[in-house]
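Enquirer: Mind looking over this structure? Questions follow.
The values are calculated or read from the model by the stated rules, or taken from the named source; none is laboratory data. As the structure is a prediction and not an experimental result, all values here were calculated from the model. Positions of Cβ are backbone-derived with ideal geometry, glycine not excepted, and every protein chain shown enters the neighbour counts.
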Amino acid sequence: MTLHSSRPDARTDLLHGTLDMLILQTLQWGEQHGYAIGQTIRAQSSDVLQVEAGSLYPALQRLSKKGWVVSKWGQTEANQRAKFYRLTPEGKKQLLREESRWTELVNAISRVMKPATAPGADD
Amino acid sequence: MFDKDDFDEEVRAHLKIAADEKIANGADEKTARLASLKEFGNVTLTTDAARRVWSPWWLDALHDQWSDVRYAVRALAKNPVFALAVVSVLALGIGLNAAVFTMLKGIALSPIAGVDHAARLSVVFAETGNGRQLRLSYPDYQYLRDHDQAFSGLFGTSPFMPNLGRGRTSRQAWGELVSGNYFQTLGVRAERGRTLLPADEVAVGGHPVVVMSDSLWRRDFGADPDIVGKTIEINNFPLTVVGVADASFHGTTVVYDVEVYVPIMMAPQLGFSFGSQAKTPAGILADRRAAVFYPQGYLRPGTSSANAAAQLGALSSSLASERSLADADQQLRIVPFWRTPQGAPIIMLPMLAVLSAMGLFVLMIACGNIAGLVLVRGVSRSGEIALRLALGATRARIVRLLIVENLVLALPGALLGVLLAQQGIPVLVRYIETLAAPQRVYLNLGVDGLVIGFAVLVACGSAMVFGFVPALQSSRVDLVTIINQDAAPRGAARGRVRSGLVVAQVAVSLVLLVGAGLATRSVDAARRAYPGFDSTHVTAITVDVKQNAYDDARGRVFYRQLLDTARTDTGVESATLAAFMPLGFLDTASRRVAIEGYEPRRGEDLAFMSNTIGPDYFRTLRIDVRTGREFTVRDDDTVAPVAIVNETLAQRYWGGAAQAIGKRIRIGDTEWRTVVGVAADVKYARINESPRPYFYVPFLQSYRSAMTLHTRGSGSVDALVDRARARVAALDPDLPIVKARPMAESSRGAMMLFDLTATMLFIFGVAGMTLVAMGTYGLVSYTVKQRTHEIGIRLALGATRPSVVRNLLGRGLRLGAVGAALGVAAAFGAGRLLASASLLFGVSATDTGAFIRALTLVLGAVLIATLVPAWRAARTNPLQALRHQ
């Protein structure tokens, strides 16, 4: 019997900022609880981005601390008690900021990787 | 801000939702729950990470440390033997170092009690071409004080030993003759009345006042509330008490407890002439050749000692033009307070340096032990460490945990060590007090915050440094090998480190023991060495007739009568008088001398120690008179002045004993004395001094109020002492006897440094050896435990028990041998160091006997420490050993 140490896999080791952005984005469509947020990200990214609970919940705490989300206990459709998170107006603004920064970053990288392609061609 | 219960509930909710989903997809409840848990990952870590979002980073670190500490305490409580071992070892090492540090502090860092920043005082002295260090005259001091720019205040103080009171109750004490700005510059206040002021330094003989110390006021005057205004007699001169100095102040003479402070203007009235030949009090203080003060003070802020030295250089030249030509070669020098010429700190310096080095050595051994212990602990906890790593701890975390454990041990170790030091220091002080008796001693040897801080720093430093590497090693745990109990490769590496530690400990211990051996042999040699005189069956009774207000005339009569009665006493062969006794450890005052027929070279400064003696001196002390004769009762002040010189003086300046007879020498500016005899050399101060010129003058031509009576006789020397005392008492029952003992006892002072060094080296050596034994024992036990399996196999396969023992013994002794080889090499160096510090006598730094004895002791300790676990190993039951996993 061997034991693995539970260090996060590189694939799911997202930068804090990027994870925050994904969560905020997910919440844009309405309030959700932690488990659902994780599932949504996973589904929407076609299983590429698998956010571990160990990253997700601290991230949610971080977002709460910064005032970008607020939480409250509620009931799921299956009448299960869960803690739901919701975007605040500040959170919305932050999301827009992050989104534009992310786009800028992605475009810049694209220009370096494929210099022959005209910008915006892969929109 | 972080609600843990809320979070726990959130996690539980997450797990339930996830499990429900899996159940909905067809899994059974149990599988679903397990899978959800597995997917979630480490709940504890997640909770922790969530909590950390809310706390500032330093609070996190603190929280971690605190849980480490709590864990460490619990773990140590489960293994009290280990904890106790480490704490005791540390306490020993720290205690010794704390004691040495306290002494250093008392002598160098804060040498003057009751004065802040005393260590920053600077002292000025005059240096002759020969390197002799002199006090400045009073006019020179005034000149400096008025013209100097470097000091913020320059005071002068001259220690003296006055008699307090008169008659039977009088006693000698320490005092200081001070300038008016003494108290002000030092910042010492009076707790009653006033201190001395510049106004007390105006007219010679015009300020009959005194300030007494708090201890004198309490001890001798019962803390009399009306003490101010009362009169006390000092050297039979009445002085009015104007104040009592602050209780924390004990004067600026390190080691001695100063009890009275008198204005310098009163010095001539109290009988002091500072070597001046002037006849009037004013003349003495105006004499530019008198040696009065070492001016001292604080340098102005911003003035470096280099600046000050340069300024003094300039002042030197202007002073030289005002002094007579013979003194023109003197230069003014400035040194920090601890280097005050002939001060206690500078005399004790070699010994303190050696003690510090030894303390550090013992600490090193102790740390080696601790490192070894930590290593072993690391091994026995490898399973636990593996688990922690599995749970997500980083190696850095593990290392931090182990180090915290060390610190948890280090602090009690430090405090215990300080306690040990606190117990040991009074013993040391009492030793110094007995040597200094009957003078009162005061050493600023308080164990204060500084010492505790030092101890804690050293302890934590040691714990960190010596716990760090083993901690690192221990954290390097490979889980696979641990679980499979395949400890061999790791064990070998750790075993090497541990062996290295033992080797180092053996080496250091050897150095200490060799040092101890050399020092002890020095003490023996010093005791047995022939100092040039024979003090067995000789008494030494010291009196000072000034204590009963005798004047010159009465004093001479007294001593004459004393000699007559003592000589005719039963059992007495001969009797004589002397001002000083040989082997007094400290040099007595040197006097400037002119030698007939010898022209001193430029910058050569002829000054020698001398003694004032009565008739029959050399016969009484069995000192050989090479040519010429002794002094007799006829050598009094009605005939021409005479002198006796020693062989070295005769040889060096006149070419030999025979040539010396009839030549003349002159002390200072007095009349020329004719040499009538040449005596063999004697050890005048220390047993290991090199031959030096010395001369004697007859008591009847050079009266002193304080003399020592020597009587030689058959029978018990104690009986002789009693009879001599009786003679003094018969002549004057009111005259206090300063000291009365066999002469041999008084040379103990010369041995003090050897004795002390030898004792301390021995203590340190034994401490080191104990630690080595512990370390070796631990190592071998550990090895045995590691190889229980292997030993069991060997026994089962038919190996005899003795062979197992021999095998283990060989291992231990091999370590001992390597350590010994290293230690011997280091000990050579250490021996040379001791020799250069003049702490060895009559034994070479490479004395074989000392080395052999030390080797035997250390290897013996290693042998025993190896034998015990080896013996136990040999009694292993092979079946049990084989079953051991």
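For every residue, the table says whether it meets (1) part of a helix (DSSP H, G or I); (2) basic (Lys, Arg); (3) without any contact (Cβ under 8 Å) to a residue 24 or more places away in the chain; (4) surrounded by fewer than 20 Cβ atoms within 10 Å (Cβ to Cβ).
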| position | (1), (2), (3), (4) |
| --- | --- |
| B:283 | yes, no, yes, yes |
| B:307 | yes, no, no, yes |
| B:334 | no, no, no, no |
| B:342 | no, no, no, yes |
| B:347 | yes, no, no, yes |
| B:352 | yes, no, no, yes |
| B:356 | yes, no, no, yes |
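Enquirer: Turning to a different aspect of this structure: Give segment A:43-72 a look and list any residue that's facing another protein chain (nearest Cβ under 9 Å) and either part of a helix (DSSP H, G or I) or closer than 16 Å to residue A:94 by Cα (or both), or say none.
Expert: Taking segment A:43-72 first, the residues facing another protein chain (nearest Cβ under 9 Å) are A:52-62, A:64-65, A:71.
Answer for segment A:43-72, where residues must be facing another protein chain (nearest Cβ under 9 Å) and either part of a helix (DSSP H, G or I) or closer than 16 Å to residue A:94 by Cα (or both): A:53, A:54, A:55, A:56, A:57, A:58, A:59, A:60, A:61, A:62, A:64, A:65.
Enquirer: Among B:435, B:416, B:457, B:510, which is the only one that is at pLDDT below 80 and of a type in the set (A, V, I, L, M)?
Expert: Values: B:416 fails: at pLDDT below 80; B:457 fails: at pLDDT below 80; B:510 fails: at pLDDT below 80.
Only one candidate passes the filter, namely B:435.
Enquirer: Shifting gears a bit: Could you tell me how many of the residues in segment B:387-398 are under 49 Å from the mean Cα position of the chain (by Cα) and assigned to a helix (DSSP H, G or I)? Working first, answer last.
Expert: Start the filter on segment B:387-398 by keeping residues that are under 49 Å from the mean Cα position of the chain (by Cα), which leaves B:388, B:393-398.
Next, only the ones that are assigned to a helix (DSSP H, G or I) stay: B:388, B:395-398.
Qualifying residue count for the region: 5.
Enquirer: Here's something else I'd like to know. Give the residue, chosen from B:146, B:140, that is free of Cβ contacts under 8 Å to residues at least 24 places away in the same chain and either assigned to a strand (DSSP E or B) or in the same structural domain as residue B:282 (by TED's automatic domain parsing) (or both). Show your work before the answer.
Expert: Numbers: B:140 fails: free of Cβ contacts under 8 Å to residues at least 24 places away in the same chain.
Of B:146, B:140, the one residue that is free of Cβ contacts under 8 Å to residues at least 24 places away in the same chain and either assigned to a strand (DSSP E or B) or in the same structural domain as residue B:282 (by TED's automatic domain parsing) (or both) is B:146.
Enquirer: Run residue B:122 past the list (1) polar (S, T, N, Q); (2) more than 14 Å from every other protein chain (Cβ to nearest Cβ); (3) in a helix (DSSP H, G or I) and report the number of the one that doesn't hold.
Expert: Answer for residue B:122: the failing condition is (3).
Enquirer: Answer with yes or no whether residue B:545 is aliphatic (A, V, I, L, M) and assigned by TED's automatic domain parsing to the domain that holds residue B:732. I'd like the intermediate steps shown before the answer.
Expert: Numbers: aliphatic (A, V, I, L, M): yes; assigned by TED's automatic domain parsing to the domain that holds residue B:732: yes.
Yes; evaluated as a whole, the condition is true for this residue.
Enquirer: Looking only at segment B:642-691, count how many residues are surrounded by fewer than 19 Cβ atoms within 10 Å (Cβ to Cβ) and in contact (Cβ under 8 Å) with a residue 60 or more places away in the chain. Show your work before the answer.
Expert: Our first condition is that a residue be surrounded by fewer than 19 Cβ atoms within 10 Å (Cβ to Cβ); within segment B:642-691, this holds for B:648, B:651-652, B:655-656, B:658-659, B:661-662, B:664, B:666, B:668-672, B:674, B:680, B:685, B:688-691.
Restricting the remaining residues to those that are in contact (Cβ under 8 Å) with a residue 60 or more places away in the chain gives B:664, B:666, B:668-670, B:672, B:680, B:685, B:688.
Matching residues across segment B:642-691 total 9.
Enquirer: Oh, and also: I'd like the residue in segment B:154-178 that is closer than 14 Å to residue B:260 by Cα and small (Gly, Ala, Ser) and, out of all such residues, is surrounded by the fewest Cβ atoms within 10 Å (Cβ to Cβ).
Expert: B:165
Enquirer: When you scan segment B:16-26, do you find a residue that is in a helix (DSSP H, G or I) and under 19 Å from residue A:64 (Cα atoms), even just one? Steps first, answer last, please.
Expert: Going through segment B:16-26, the residues in a helix (DSSP H, G or I) turn out to be B:16-24.
Subsequent filtering for residues that are under 19 Å from residue A:64 (Cα atoms) retains none.
Among the residues of segment B:16-26, not one is in a helix (DSSP H, G or I) and under 19 Å from residue A:64 (Cα atoms), which makes the answer no.
Enquirer: Among residues belonging to segment B:6-39 that are within 12 Å of another protein chain (Cβ to nearest Cβ) and of a type in the set (Asp, Glu), point out the one that is surrounded by the most Cβ atoms within 10 Å (Cβ to Cβ).
Expert: Here the answer is B:10.
Enquirer: Out of all the residues in segment A:56-65, which are over 16 Å from residue B:9 (Cβ atoms) and without any contact (Cβ under 8 Å) to a residue 24 or more places away in the chain?
Expert: If the condition is that a residue be over 16 Å from residue B:9 (Cβ atoms) and without any contact (Cβ under 8 Å) to a residue 24 or more places away in the chain, then A:58, A:65 are the ones that fit.
Enquirer: Only residues that are over 12 Å from residue B:181 (Cβ atoms) and buried (at least 22 other Cβ atoms within 10 Å of the Cβ): list them for segment B:137-153, please.
Expert: Selection gives B:137, B:138, B:140, B:144, B:150.
Enquirer: Six or more apart or on different chains, Cβ under 9 Å: which pairs go from a residue in segment B:396-423 that's basic (Lys, Arg) to one that's surrounded by fewer than 19 Cβ atoms within 10 Å (Cβ to Cβ) and in a helix (DSSP H, G or I)? Could you list them?
Expert: B:397/B:64; B:397/B:388; B:400/B:64; B:400/B:65
Enquirer: Can you give me the number of residues within segment B:834-858 that are part of a helix (DSSP H, G or I) and surrounded by 16 or more Cβ atoms within 10 Å (Cβ to Cβ)?
Expert: So the answer is 9.
Enquirer: Can you tell me which condition residue B:561 does not meet? The list is (1) farther than 26 Å from residue B:679 by Cβ; (2) touching a Gly at 6+ places or on another chain (Cβ under 9 Å); (3) surrounded by fewer than 22 Cβ atoms within 10 Å (Cβ to Cβ), and all the others hold.
Expert: Just one mismatch for residue B:561, condition (2).
Enquirer: Hey, any hits in segment B:216-231 for a residue that's within 33 Å of the chain's Cα centre (by Cα), farther than 29 Å from residue B:143 by Cβ and surrounded by 20 or more Cβ atoms within 10 Å (Cβ to Cβ)?
Expert: There is at least one residue in segment B:216-231 that is within 33 Å of the chain's Cα centre (by Cα), farther than 29 Å from residue B:143 by Cβ and surrounded by 20 or more Cβ atoms within 10 Å (Cβ to Cβ).
Enquirer: Let me ask another. Taking the condition more than 10 Å from chain A (Cβ to nearest Cβ), within 58 Å of the chain's Cα centre (by Cα), free of Cβ contacts under 8 Å to residues at least 40 places away in the same chain and assigned to a helix (DSSP H, G or I), does residue B:59 pass? Outline the logic, then answer.
Expert: Working: more than 10 Å from chain A (Cβ to nearest Cβ): yes; within 58 Å of the chain's Cα centre (by Cα): yes; free of Cβ contacts under 8 Å to residues at least 40 places away in the same chain: yes; assigned to a helix (DSSP H, G or I): yes.
Considered against the rule, which asks whether it is more than 10 Å from chain A (Cβ to nearest Cβ), within 58 Å of the chain's Cα centre (by Cα), free of Cβ contacts under 8 Å to residues at least 40 places away in the same chain and assigned to a helix (DSSP H, G or I), residue B:59 comes out as yes.
Enquirer: In segment B:569-606, how many residues are surrounded by 16 or more Cβ atoms within 10 Å (Cβ to Cβ), touching an Asp or Glu at 6+ places or on another chain (Cβ under 8 Å) and more than 30 Å from residue B:719 (Cβ to Cβ)?
Expert: 2
Enquirer: Related question: Exactly one condition in (1) assigned by TED's automatic domain parsing to the domain that holds residue B:352; (2) buried (at least 21 other Cβ atoms within 10 Å of the Cβ) is not met by residue B:121; state its number.
Expert: Evaluating residue B:121 over (1) assigned by TED's automatic domain parsing to the domain that holds residue B:352; (2) buried (at least 21 other Cβ atoms within 10 Å of the Cβ) leaves (1) as the failure.
Enquirer: Collect the residues in segment B:179-194 that are buried (at least 23 other Cβ atoms within 10 Å of the Cβ) and not aliphatic (A, V, I, L, M), keeping them in residue-number order.
Expert: Applying the first criterion (buried (at least 23 other Cβ atoms within 10 Å of the Cβ)) to segment B:179-194 yields B:179, B:182-183, B:186.
Within segment B:179-194, B:179, B:182, B:183 qualify.
Enquirer: Any residue at all in segment A:91-114 that is of a type in the set (Val, Ile, Thr), more than 10 Å from chain B (Cβ to nearest Cβ) and not in a helix (DSSP H, G or I)? Working first, answer last.
Expert: Going residue by residue through segment A:91-114, those that are of a type in the set (Val, Ile, Thr) are A:103, A:106, A:109, A:112.
Checking the rest, the ones that are also more than 10 Å from chain B (Cβ to nearest Cβ) come to A:103, A:106, A:109, A:112.
Okay, now just the ones that are also not in a helix (DSSP H, G or I), so none.
No, because not a single residue in segment A:91-114 is of a type in the set (Val, Ile, Thr), more than 10 Å from chain B (Cβ to nearest Cβ) and not in a helix (DSSP H, G or I).
Enquirer: Let me ask you something else. I need a count of the residues in segment A:15-42 that are within 14 Å of chain B (Cβ to nearest Cβ), surrounded by fewer than 20 Cβ atoms within 10 Å (Cβ to Cβ) and modelled with pLDDT under 90.
Expert: Selection size over segment A:15-42: 1.
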